[in-house]
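Trainee: One structure, pasted below without further comment.
Quick note: the coordinates plus some simple rules give every number you see, no bench work behind them. Note that the coordinates shown come from a computational prediction; the quantities given were computed from them, not determined experimentally. A quick note on method: Cβ atoms are made from the backbone with ideal geometry, for glycine too, and the neighbour counts reach across all protein chains shown.
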Amino acid sequence: MPENRQPGDGQPSEIQKTYSGQSEKHEVAVLGGGSFGTAMAKVLTENGHRVHFWMRDEAQARELSEKGTNSRYMPGVTLSGDLCPTTDFADAVAQVDTVFVAIPSKAFRDVIRSHAGAFRPGQIVVSLTKGIERDGFKLMSEILQEEIPKTRIGVLSGPNLAAEIVNRELTATVIAAKVPEVRRTVQALLGCEYFRVYANVDVYGVELAGALKNIYAIVSGMASALELGENARAMLMTRSLAEMSRFAVSLGANPMTFMGLAGIGDLVVTCTSAKSRNYRVGYAVGRGDRLEDAVAELGQVAEGIHTLLLVKEKAEEVGIYMPLVRGLYDILYGGASIKAVISSLMTAVQNSDVEFILPRTLTGQA
Ligand SMILES: NC(=O)C1=CN([C@@H]2O[C@H](COP(=O)(O)OP(=O)(O)OC[C@H]3O[C@@H](n4cnc5c(N)ncnc54)[C@H](OP(=O)(O)O)[C@@H]3O)[C@@H](O)[C@H]2O)C=CC1
Ligand SMILES: O=C(CO)COP(=O)(O)O
């Protein structure tokens, strides 16, 4: 059987049998009342499902119940359909077969651990979070595996700007899970005329790609602020892809994942769009703002700032060459000037282009 096929693939699930534009109604939960939780709750209610939408803020839950709006994170957007906003975690999770988690990585384990007893064995739990935990360099699916091991775990990642999804702009994403039923269920729950869900079995690669691209979105935002030009943008994005896949493959990811939506797809959208919060932080720093001010002005999570620290440490530990990560780290945390970092990157040893085909250095000593 080819590597990407799993036993049971090709068999329609119970949900999928009824899905052709409109699936049967299901009860699902979305955890986290920020931009992405709101976007996913909107897709799910529009697909006809009852959505138990958990957030910690009473006032926000009340506003969603009364007006269908989340003015703090998604101004101008109204949710309708069968939406049940709540601050009662156990109540939200008890009634559903599938749970989507959109909690920033810094709070992810605490939230899941403190409510671990609310989950049922066999429940499907899908992380939407694109970050890494500091202790042990853990991805969110690994945290789920540790905290609620009896659930069936998946990861959703791809070029998915929440601000576009809420306007029903055409979007595709990737569900990665080892268990075929998890992939099929998520495809059936979320898939609709404006949202396509592709499947992958490389959970680690899909998840790591989503976290890593945030770093390069910051770099790209900085390059835009400095008006480095279109050639520079192409160079940065291509070398970012080389760097992130080199790192991920050394940790066990499948290199082909980086050719897909969760890899190049997400890298392109976040490196080119001012709708990306990571890009916006990079842009602000590039025009001269302090990092702290850029983050404060954003008022939302920009995961790449923390991911950068962890990836720089990990790359040094495992001996992976990551000049863009190193350069951004020096700028954001080491006080280096952007000009000096660019100069050192441009005058470094000239390596081979696609290192999976040729060794990294072509100068004879590789
Ligand atoms: N926005 C996007 O376009 C996309 C985001 N993602 C990923 O989704 C994840 C969530 O991001 P996003 O929704 O955009 O972030 P936002 O900054 O928009 O919102 C963060 C949300 O998390 C909540 N939160 C933070 N800490 C806790 C906690 N300890 N307990 C409960 N809730 C908490 C916040 O609640 P409160 O307001 O009460 O602080 C808020 O509702 C990130 O990893 C991001 O990378 C993935 C794809 C697209
Ligand atoms: O992951 C995203 C789009 O796919 C959102 O990126 P930001 O977190 O930078 O807004």
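Trainee: Compute the Kirkwood hydrodynamic radius of the chain, taking the inverse of the mean of 1/r over all pairs of distinct Cα atoms, and give it in Å to one decimal. Walk me through the numbers on the way to the answer.
Mentor: Working: mean 1/r = 0.0473 Å⁻¹.
Mean inverse Cα-Cα distance, inverted, gives 21.1 Å.
Trainee: Report the Cα centroid-to-centroid distance between the stretch 315-357 and the stretch 83-112 in angstrom, as an integer.
Mentor: One Cα centre to the other: 38 Å.
Trainee: If you average over every viewing direction, what projected area does the convex hull of the Cα atoms of the stretch 218-339 give, in nm²?
Mentor: Mean projected area for the stretch 218-339: 7.2 nm², to one decimal.
Trainee: Under 28 Å from the Cα of Lys312, which lysines turn up, not counting those fewer than eight places away in the same chain?
Mentor: Within the straight-line cut-off, Lys312 pairs with Lys106, Lys130, Lys138, Lys213, Lys275, Lys339.
Trainee: Let me ask something additional. Which semi-axes, in whole Å and largest first, does the equivalent ellipsoid of the stretch 82-150 have when worked out from the alpha carbon gyration tensor as the square roots of 5 times its eigenvalues? Don't skip to the answer; put the middle values down first.
Mentor: Numbers: eigenvalues 85, 35, 22 Å².
Equivalent-ellipsoid dimensions as semi-axes: 21, 13, 11 Å.
Trainee: In degrees from 0 to 90, rounded to the nearest 10, what is the angle of the helix 277-286 Cα long axis to the longest principal axis of the chain?
Mentor: The two axes meet at around 30 degrees.
Trainee: With a cut-off of at most 16 other beta carbons within 10 Å, and DSSP calling the residue loop, which trypsin sites (Lys or Arg not before Pro) in the stretch 217-289 qualify? Please list them.
Mentor: Values: sites: Arg233, Arg239, Arg246, Lys275, Arg277, Arg280, Arg287; in loops: Lys275, Arg287.
Here the trypsin sites (Lys or Arg not before Pro) that fit, given the DSSP loop and packing criteria, are Lys275, Arg287.
Trainee: Relative to the present Cα-Cα distance, how much length would full extension add between Asp353 and Arg120 at 0.36 nm per residue of separation? Could the numbers behind the result be given before it?
Mentor: Values: separation 233, 0.36 × 233 = 83.88 nm, distance 4.84 nm.
Result for the pair: 79.0 nm of gain on full extension.
Trainee: In degrees from 0 to 90, rounded to the nearest 10, what is the angle of the helix 304-318 Cα long axis to the longest principal axis of the chain?
Mentor: 60
Trainee: Using the crude model of +1 on Lys and Arg Cβ and -1 on Asp and Glu Cβ, and no other charge, please compute the dipole size for the chain relative to its Cα centre, in debye to 20.
Mentor: On the way: 37 positive and 41 negative charges, 56 e Å.
Value, rounded to 20: 260 debye.
Trainee: Which GluC sites (Glu not before Pro) in the stretch 194-286 pass both tests, a DSSP loop state and at most 11 other beta-carbon atoms within 10 Å?
Mentor: Details: sites: Glu207, Glu227, Glu230, Glu243; in loops: Glu227.
Sites meeting the loop and neighbour criteria: Glu227.
Trainee: Taking the Cα atoms only, what angle lies between the long axis of helix 35-46 and the longest principal axis of the chain, rounded to 10 degrees?
Mentor: Once rounded, the angle reads 40 degrees.
Trainee: Within the stretch 327-357, find all residues whose amide N lies under 14 Å from a label point positioned 7 Å from the Cα of Leu228 along Cα-to-beta-carbon.
Mentor: Counting backbone N atoms under 14 Å from the label point, the list is 327-332, 337-348.
Trainee: In addition: What FRET efficiency do you get for Glu66 and Glu146 if R0 is 51 Å and r is their Cβ-Cβ distance, rounded to the nearest 0.05?
Mentor: 0.85
Trainee: Still on this structure, please answer the following. Restricting to Cα pairs below 8 Å that are 6+ residues apart, what does the relative contact order work out to for the chain? Please round to a whole percent.
Mentor: On the way: 669 pairs, mean separation 47.8, N = 366.
Reported as a whole number, the value is 13 percent.
Trainee: I've got another one for you. May I ask you to compute the full-extension gain from Lys25 to Ala107, defined as 0.36 nm times their residue separation minus their alpha-carbon distance, rounded to one decimal in nm?
Mentor: 26.4 nm
Trainee: Between Val318 and Thr238, how high is the FRET efficiency from 1/(1 + (r/R0)^6) when r is the Cβ-Cβ distance and R₀ = 30 Å? Nearest 0.05. Don't skip to the end; give the middle numbers.
Mentor: Values: r = 23 Å, r/R0 = 0.76.
FRET efficiency, Val318 to Thr238: 0.85.
Trainee: For the stretch 113-177, state which GluC sites (Glu not before Pro) are in a DSSP loop and have at most 16 other beta carbons lying within 10 Å of their beta carbon.
Mentor: On the way: sites: Glu133, Glu142, Glu146, Glu147, Glu164, Glu169; in loops: Glu169.
The qualifying sites are Glu169.
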